[in-house]
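Chemist: There's a structure below that I have some questions on.
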Amino acid sequence: MKIMQFILSFFMTAIIFIFISCEETPNFPQHKFIEPEMISIDEHLKFTCGPSWDTTFVPPDSLPMLVIELEPYEIGKYELTNEEYELFVKDGGYKNSVYWSYDGWNCKVNGNWSLPVFWSEENLWLEDPYSNKRNTPVHGISYYEAEAYCKWLSDKTNENYHIPSSYQWLRAAKGPDPGTKYTWGNEYNEKNANYSAILDSSFSSVTDYSDGRSHNGCYQMIGNAYEICFRASDEWGDFALIFSYHSGDCSEPKCMKESMTTNSASSIGKHVRIYGTGLRICLN
């Protein structure tokens, strides 16, 4: 009888302990952060900026094409997704000034930013009419928001994540000299990219369009979201660049698509938040 009482008492104590432990265990989210899958760019680091793939292009004597030599670095295999950026939002990224530059925080406060442009407080990216899946690219963010996200992820991982420089982006997109006009080669092929920004349509998964990969294996550096970079020659200016932007000389969709090359970009204010502008993260 005493043995039975002991066994019963033991099991009751164990059940109570388990119950209390479960009650006291916080309900942690599945992820606190997601480290992006990266591509190493560690060879052919000396390259020519500009359309060196165009053998008919002869720059004026006063404007020779610039030759750049980079240090080895890593760049995102894919564009930054809604799922990745959501973790920054849920972790208080828009409420903590430590992640923001001085100018960025002022813009955030004055503009009352709390989410990307097309997200909602209730359903976040689910109500974005253009990008409403976990693995489609986040967009509608400014340079300052991209900068804050990189600082947040760096703090979480003890790594040095950052916005790519224009030179880092160009080398990853066009490949070794002389490079290619499009990430997949020199011939235009409409099937190799998602031209959503031109067609005002939905973005695709960042893992789609594998035939359009760059020489080093980066997906959708042409098409899907435009990608924020800082001007390598003017890092501290008020303007950033977005790649790969269509030419301003085009008005017809086919011409605009063909003009989205590995060399095409547009200036944008660091505070500007518009449809289609996203991020491919960098590390070195």
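Each value in this text was obtained by applying a stated rule to the coordinates, not by laboratory testing. Model, not experiment: these values are computed from the prediction. Positions of Cβ are generated from backbone atoms using ideal geometry, with glycine treated the same way; all protein chains shown enter the neighbour counts.
Chemist: Where in the stretch 139-220 are there GluC sites (Glu not before Pro) that are in a DSSP coil and have at most 15 other Cβ atoms within 10 angstrom of their Cβ?
Modeler: Sites meeting the loop and neighbour criteria: Glu159, Glu187.
Chemist: Additional query: Around Glu122, with a cut-off of 15 angstrom between Cβ atoms, what is the net charge of the other residues, counting Lys and Arg +1 and Asp and Glu -1?
Modeler: After counting each charged neighbour, the total is -3.
Chemist: At most 14 other Cβ atoms within 10 Å and a DSSP loop assignment: could you name the GluC sites (Glu not before Pro) in the stretch 193-284 that fit?
Modeler: Answer by residue number: Glu235.
Chemist: Then there is this: Please arrange Trp119, Trp113 by how many other C-beta atoms lie within 10 Å of their C-beta, fewest to most.
Modeler: Trp113, Trp119
Chemist: Next question, about the same structure. Could you put Leu124, Leu153 in order, starting from the residue whose Cβ has the fewest other Cβ atoms within 10 Å?
Modeler: So the residues, fewest neighbours to most, are Leu124, Leu153.
Chemist: Gain in length, Glu258 to Asn284, computed as 0.36 nm per residue apart minus the alpha-carbon separation, to one decimal in nm?
Modeler: 6.1 nm
Chemist: Okay, moving on. What list of ³J(HN,Hα) values in whole Hz, one per residue of the stretch 239-249 in order, does the Karplus curve 6.51 cos²θ - 1.76 cosθ + 1.60 (θ = phi - 60°) give from phi, with Gly and Pro shown as x?
Modeler: The phi angles translate into 10, 10, 10, 10, 10, 9, 8, 6, 5, x, 7 Hz.
Chemist: By counting other Cβ atoms within 10 Å of each Cβ, how are Ser244, Ser165, Ser154 ranked from fewest to most?
Modeler: Taking fewest neighbouring Cβ atoms as first place, the list is Ser154, Ser165, Ser244.
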